[in-house]
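For reference, the structure is listed below as structure tokens.
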Amino acid sequence: MTKKNIVSLIVAIPFSLQIIAQESATYTNPLADYQKAVSLYDNGVFGAAQALFQGVKKSTDELSIASDCSYYMANCAIRLNQQNAEQMVEDFVEDYPTSTKRNSAYVDVANYYYDNAKYAYARKWYDKVDENNLSYAEQEQFYFNHGYTAFLTKQYGEAKNYFNKVESSKEYGAQAKYYIGYMAYQGDDYDEATAYFDQVSNQERYKEKMSYYQADLNFKLGNFDKAITLAKGRMDSSTPEEVSELSKIIGESYFNQGKYSEAIPYLKEYKGKKGKWNNTDYYQLGYAYYKEKDYENAVSEFNRIVEGNNSITQNAYYHLGESYINLDKKQEALNAFRTASYMDFDSKIQEDSWLNYAKVSYEIGNPYESAPQVLTGYLKKYPKSTHNEEIQSLLIDSYITSKNYKEALKLLKSNNSFESKVAYQKVTFYRGLELYDEAKFTEAKEMFSNSLSEPREPIYTARATFWHAETDYNLTNYAEALISFKQFEQQTESSETPEYKNLNYNMAYTYFKLKNYEQSADYFNRYVDKNATDNVRLNDAYLRLGDAYFVSSNYDKAILAYDKAIKLDEITSDYPAFQKAMSVGYAGSASKKINELVRFIDDYPKSKLRDDAMYELGNSYVKENDIAKATAIYNALSTEYRMSSFVPKALLRQGLVYYNASDNNNALTKFKKVASAYPGSPEAVQAVSTARLIYIDLGQVDDYAAWVRTLDYVEVTDVDLDNATYEAAEKQYLDNNTEKAIKQFNGYLAQFPRGLNALNAHFYVAQLYSKQGLPDNASSHYKYVVDAPQSQFSEEALTKLAQYHLDKKSWNGATPLLLRLESEASFQHNIIFAQSNLMKANYQMANYQQAVAYAEKVLANSKADTKIQGDAHIIIARSAIKTGDEAKAKAAYQRVEKVATGETAAEALYYSAYFKNKEGEFEASNVAVQKLAKDFSGYKYYSAKGLVLMAKNFYALKDAFQATYILESVIQNFSEFDDVVIQASEELAKVKEEEAKTNASIHSED
């Protein structure tokens, strides 16, 4: 200050004092208010301070005071959490760029947020601070606080940069080192973390915090002993959460040292992250149990690992498989080894898993792929394996034991070794038997021929020869069948086969079909002389022996055979009793025949042969000239059996009796009845012919002509042409000239659609078309016969036409025909055919009650063979399932399981497992599914359904791995079965949702 100015100041002082005295009201109050506001701000009364600062700012002209007021007003707003607070700070900085508080404004706001733990806000304001305008003390605080906010927001690089600036600070150094160490720990830089932690380890405030980190650091650095010591020392003073983490460190340290028994209790104490373990946690505990040979507990941990694709998972599944093997749970082991074999993280474990998977597949079967497929897959993947010889041996045998012959054949076609040819002989033989059981005789014959093309083992060559004969027999190639049966008989090994005991029986039937009745009788005698233990077959042999003698007119021997059949009574004895009566008559004892027929009619009131017997009895009375009794029995036949083919015959016989007795009126009455009621039948034709003679004798030719014109099937002027045309076609038929016979029968029917022989022509041409495999051509002709009045052809035509509709799955078309056949058939096998197919048709039409009723009829029939009885049981079972009657279904499927073969047996076995699952017998259910997989793997639909059931069983047994593995395999391998895949997907979602509650490695399905 210059002297001049000093003088001016001295001069001005009195003047100023005067002015101040005069204007004290103007200047004193704002300054006092400003000081008061500052005091309020310092004391934290921000609302009142803000109001005073606002008043001062409005009343002052001093820029510095206004600037300070804006600064304080913004700070108050920040502390009062006002909506525009941050904007006020920004406005202050913008409005007063020269203010000394500009940088302080940023620091104050940042520190305020920092002190109030609003670190993200603090960091934003620290970023605005010019650190160069801060004092040394302010810089240290700034660096530490800024570093800490970056640390908390996980910006570790930036945080470390700020912490490094204060690591030598007296006030902030220790904290900075701790956080630098912690960040190094989090970043797996264990050496740096250790170095920094060691620098602050003597400070009490960090000692407690660092004990866990140091224990973990030492564990991660492989200093397991030190890690254990540090962690154990910290246990007593830790929270439950910390105890969990420390237990994990101790347990894993022991685990890595191979001290599994010490590891187990600590690994168990670990509670997981947020209450959940991950796959590694389960693996370590499971492996520790495995090494301690505690396989039950090992399984309980390993099988919690249900997702994952890494070396840990591969290891877990391999050792899970080993644990199952030690517990003799091979089905479970199969799945575990299969999973591990698909992972390639460790090639040695993968190969061992493949080997075990292949061996277990051989031992117990495989529901996903055939055992031969698995074994072949191993050989292809590891062609230089030291186990190849062993696996090749198993492969050959597996073709047989897997019973998946269809799949085995595909694999065998590409293998030409001697062992494979031996297997080929056996596989084609057994595949032939399967096809034979399914009544696919042409395909079966091809398989038996293939088996015979590789005659490696004599016993199988003999058996294939026998069944080749059987298929030819069923294909009506009787001459070829006989040749094969004889070849079988001549083979040395045939006597060692199970088929040998029935050879004589089969050859006898073949000779019978060839109409060589002498040889047939010889072989039936050979069979019965060997005291066969199969009484049903023995009974049948006596019946056919009697028939052979009967056809050969050796009636005395026929009677003896029929008597033996009646005595055995394993098959309903009405047929042999009737045949015996006929034989007695042909043997010349008319009165004895009559007595036998009378007894038959009384003893067998429900027999289908009763109408035959009544007709024969009437004929016998006629021969004995006992016309009254003959008439009575003929009338009874007509009354009781209106639909019988013997009724027109009986009426015709009655007419002839009257005619021979010259009782022309009664004769004409009978003949006219036959002609009108049975138009076109052979009896009607003969009735017209004989009536013509009577009219001529009576001289009533015009009456005859008038009557005949009422019969649309008789064209009087064309009778000779009709007969001649028909006889020409019939001759071709009898001479086995099929093509010519068909042509001429069709020509006859075109010329005489209602001719005298139309019924015969329709039937024979239908038979010829059937023989040629032209069922559509045959059907219309069979229909003509079926729609015509009852005849000797009706029963056969009904059977063939019903079969035609059944083959086309036309249940509505087949049902009325089968109903007629059931009521009209004379032959027991046709009744069984009708009833068995009525049960099937009703089931297909969802008439379950009717289906069951017919199934029970079939089961009540002692002549129904085992296969048909099995069909009846399966219909009852399926119907019960459809109607929700599971108790009945269970009982029925149990019966089916005892007798069924092929797909039906697979179905029964599936339901055996199903009901066991429903009853909580999960392990027993799994045994049934295993059997299904081993013995019936060719029937993939039931294999797939069984696997879903097995998955449910395993989950109920707390084996989540097995459950999820099986369900995922079903979804991947059985996509052709939509319903099964949907069910598997639903079950898998349930399992994963439940397991995800405790396993952090699992992602539950949405």
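Mind checking whether some residue in the range 16-29 is assigned by TED's automatic domain parsing to the domain that holds Y106 and either at pLDDT 85 or above or aromatic (F, W, Y) (or both)? Checked the range 16-29: at least one residue is assigned by TED's automatic domain parsing to the domain that holds Y106 and either at pLDDT 85 or above or aromatic (F, W, Y) (or both). Tell me yes or no: at least one residue of the range 404-419 is outside any loop (DSSP other than H, G, I, E, B), in contact with a Gly (Cβ under 9 Å, 6 or more places away or on another chain), surrounded by 17 or more Cβ atoms within 10 Å (Cβ to Cβ) and touching a residue at least 40 places away in the same chain (Cβ under 8 Å). Yes.
Per-residue answers, yes or no, for (1) in the same structural domain as G938 (by TED's automatic domain parsing); (2) part of a loop (DSSP other than H, G, I, E, B); (3) surrounded by 19 or more Cβ atoms within 10 Å (Cβ to Cβ):
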residue: W354; (1), (2), (3): no, no, yes
residue: S361; (1), (2), (3): no, no, yes
residue: E369; (1), (2), (3): no, yes, no
residue: P372; (1), (2), (3): no, no, yes
residue: G377; (1), (2), (3): no, no, no
residue: S385; (1), (2), (3): no, yes, no
residue: S393; (1), (2), (3): no, no, no
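R456 meets each of the listed conditions (1) assigned to a helix (DSSP H, G or I); (2) over 23 Å from G938 (Cα atoms) apart from (1).
Every condition in (1) part of a helix (DSSP H, G or I); (2) over 23 Å from N757 (Cβ atoms); (3) more than 60 Å from the chain's Cα centre (by Cα) is met by A636 except one, and the failing one is (3). Out of curiosity, is F833 over 15 Å from R878 (Cα atoms) and buried (at least 21 other Cβ atoms within 10 Å of the Cβ)? Yes, satisfied. Applying the criterion of being at negative phi and of a type in the set (K, R) to the residues of the range 914-970, the residue that is nearest to the chain's Cα centre (by Cα) is K945. Scan the range 51-66 for residues that are part of a loop (DSSP other than H, G, I, E, B) and over 19 Å from S39 (Cα atoms) and report the count. Adding up the residues that qualify gives 2. Checked against the criteria, S645 counts as crowded, with 19+ Cβ neighbours inside 10 Å and among the polar types (S, T, N, Q).
When residues in the range 953-992 are screened for being of a type outside the set (F, W, Y), under 17 Å from N335 (Cα atoms), outside any helix (DSSP H, G or I) and free of Cβ contacts under 8 Å to residues at least 60 places away in the same chain, 1 of them pass. Residues that are at pLDDT below 75, crowded, with 16+ Cβ neighbours inside 10 Å, within 30 Å of E171 (Cα to Cα) and under 50 Å from the mean Cα position of the chain (by Cα) occur at least once in the range 211-229.
Restricted to the range 126-181, and to residues there that are within 60 Å of the chain's Cα centre (by Cα) and surrounded by 20 or more Cβ atoms within 10 Å (Cβ to Cβ), the residue that is nearest to N111 (Cα to Cα) is T149.
Candidates in the range 567-623 are the residues that are part of a helix (DSSP H, G or I) and basic (K, R); of these, the one that is farthest from S791 (Cα to Cα) is K567.
This table checks each residue for (1) modelled with pLDDT under 95; (2) of a type in the set (G, A, S).
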position: A408; (1), (2): yes, yes
position: L433; (1), (2): yes, no
position: K440; (1), (2): yes, no
position: R463; (1), (2): no, no
position: S484; (1), (2): no, yes
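Starting from residues that are surrounded by fewer than 16 Cβ atoms within 10 Å (Cβ to Cβ) and in a loop (DSSP other than H, G, I, E, B), keep the ones in the range 682-731 and report whichever is modelled with the highest pLDDT. The extreme case among them is T710.
If I ask for residues that are under 21 Å from S836 (Cα atoms) and among the charged types (D, E, K, R), which ones from the range 769-822 would you list? E795, E796, K800, D807, K808, K809, R820, E822, listed by residue number. When L768 is tested against (1) buried (at least 19 other Cβ atoms within 10 Å of the Cβ); (2) at pLDDT below 90, exactly one condition is not met: (2).
The values are calculated or read from the model by the stated rules, or taken from the named source; none is laboratory data. Quick caveat, the model's predicted, so the values are computed rather than measured. So basically every Cβ, Gly included, is an ideal-geometry build from the backbone, and we count neighbours across all protein chains shown.
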